[in-house]
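The values are calculated or read from the model by the stated rules, or taken from the named source; none is laboratory data. Predicted model, so just to flag it, every value in this text is computed and none were measured. Backbone-built Cβ (ideal geometry, glycine too); neighbour counts: all protein chains shown.
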Amino acid sequence: MNRRVKELKAYPMDRLVKAKEELRQKGIKIYDFGTGDPKEPTAPFIREALKRAVPEVSQYPTVKGKPELRRAISSWFFNRFGVELDPETEVIPSAGSKEAIFHFPLVFVDTDTPKTKVIFGTPGYPVYERGALFAGGEAVGVELKEEDGFLLRIDRLPRSLLKETAIVWINYPHNPTGAVAPLSYLEEVYGICREYGIILCSDECYTEIYFEEPPHSALEVGKEGIVVFHSLSKRSGLTGYRSGFVAGDREIVQTYLKYRSSFGVASPDFIQEAARVAWLDEEHVKERREIFKRKKEIFEDFFKKIGLKHLPVEATFYFWVRLPQGIDSEEYAFHLLKYGIVISPGQFFGRGGEGYFRIALVPTPSECLEAVEVWEKAHKEFMEKRS
């Protein structure tokens, strides 16, 4: 068995899946704030587009994707970020963003050179590390600090490390903290990556779930050496459809396209048609933001009531909540599980997550209102036991 695979811990969310199954077997009602998979229905016009596109004869889709979808993505990107993308050479549809993020280092980490390091922030999405390790690279997790706004500060890293780095991953708006990066930060990171010949990969899956100013894309500061990863999972509620895209530097995108057929990754044409109509519509996205805003307000009031502090929620549908000093987030999470409340301990997201937990605003607004009543009792019991 691959040594690197054996050394990895189980994927964190797998533990939550197991715990939820045990709750179901006991007949306990579950309020699932663990995995980021919201319950809002997919917009009817998207479902209808998919149904109409299901063919009588099923055939392999192309890895390059349908030109109509690539044009829709390019149009959306220009309208949203003011950046022109050539749909023929600078965009590749993907089966969601997770697989594309995981596969990317397989193409761009050359283990026959000194540049084998992949830098990412921790706490963070586990796939950055796992993709690097499976590709034979060296994963370098840099701890993110609340005092830095959970921004990955590569300007503080040793020059010797940067010289050996092939890829830097950034993710803003950030999972799990919800932190948002200003344009000045993206410009700074881009400048450093260009200086050291590093590919800057920007995971931008949460740019469309925001409550104040729209977040920026890394492609607003340049195209050379930058690749961005987007998804319809959060924007349009298509988590189960598995549809996203990779875009940016023409040479990098075309090189990636050349080798993606080795992975056999391409969305079925009928899903691509559903994706096309989703990218061309903004109304359903606005409606989703309003729903998430209602949920956000419920939990802002709730956490204030029970005295737990959290990072301000400007974007994403996550709360990154700080526990009182000395309380272990796994201990707290497994106490809440007895009441059917599912949250993600900060440790699940790597170093720097200790002392925090994440909630994903997955249940409906009415379920959120139910959940906070149950949670308040569970929290009170937990704190009384510790006093």
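Take the residues in the stretch 7-47 that are assigned to a helix (DSSP H, G or I) and modelled with pLDDT of 90 or more, then tell me which one is surrounded by the fewest Cβ atoms within 10 Å (Cβ to Cβ).
The extreme case among them is P44.
Take the stretch 151-174 and flag every residue that is in a loop (DSSP other than H, G, I, E, B) and either β-branched (V, I, T) or crowded, with 24+ Cβ neighbours inside 10 Å (or both).
Scanning the stretch 151-174 gives L152, N171, Y172, P173, H174.
Quick one: which residue in F303, F357 is modelled with pLDDT of 95 or more, assigned by TED's automatic domain parsing to the domain that holds E21 and more than 19 Å from T35 (Cα to Cα)?
Result of the check over F303, F357: F303.
For the stretch 302-346, name all the residues that are free of Cβ contacts under 8 Å to residues at least 60 places away in the same chain, assigned to a helix (DSSP H, G or I) and either among the hydroxyl-bearing types (S, T, Y) or within 24 Å of Y206 (Cα to Cα) (or both).
Residues satisfying the conditions are F303, S329, Y332.
Restricting attention to the stretch 27-65, which residues are without any contact (Cβ under 8 Å) to a residue 60 or more places away in the chain and either closer than 25 Å to P365 by Cα or touching a strand residue (DSSP E or B) at 6+ places or on another chain (Cβ under 8 Å) (or both)?
Selection gives G27, P44.
When you check A247 against the structure, is it touching a residue at least 40 places away in the same chain (Cβ under 8 Å), in a helix (DSSP H, G or I) and crowded, with 20+ Cβ neighbours inside 10 Å, yes or no?
Against the criterion (touching a residue at least 40 places away in the same chain (Cβ under 8 Å), in a helix (DSSP H, G or I) and crowded, with 20+ Cβ neighbours inside 10 Å), A247 does not qualify.
Taking the stretch 236-284 on its own, how many of its residues are of a type in the set (A, V, I, L, M, F, W, C), touching a strand residue (DSSP E or B) at 6+ places or on another chain (Cβ under 7 Å) and under 21 Å from E220 (Cα atoms)?
5
Filtering the stretch 316-374 down to residues that are surrounded by 20 or more Cβ atoms within 10 Å (Cβ to Cβ) and polar (S, T, N, Q), which residue is farthest from R294 (Cα to Cα)?
S329
Say whether the condition of being farther than 28 Å from E213 by Cβ, crowded, with 19+ Cβ neighbours inside 10 Å and in contact with a helix residue (DSSP H, G or I) (Cβ under 6 Å, 6 or more places away or on another chain) is met by at least one residue in the stretch 106-125.
The answer is yes, given that some residue of the stretch 106-125 is farther than 28 Å from E213 by Cβ, crowded, with 19+ Cβ neighbours inside 10 Å and in contact with a helix residue (DSSP H, G or I) (Cβ under 6 Å, 6 or more places away or on another chain).
In the stretch 197-215, what residues are in a loop (DSSP other than H, G, I, E, B) and buried (at least 19 other Cβ atoms within 10 Å of the Cβ)?
Passing the criteria: I198, E204, C205, Y206, T207, E208, I209, P215.
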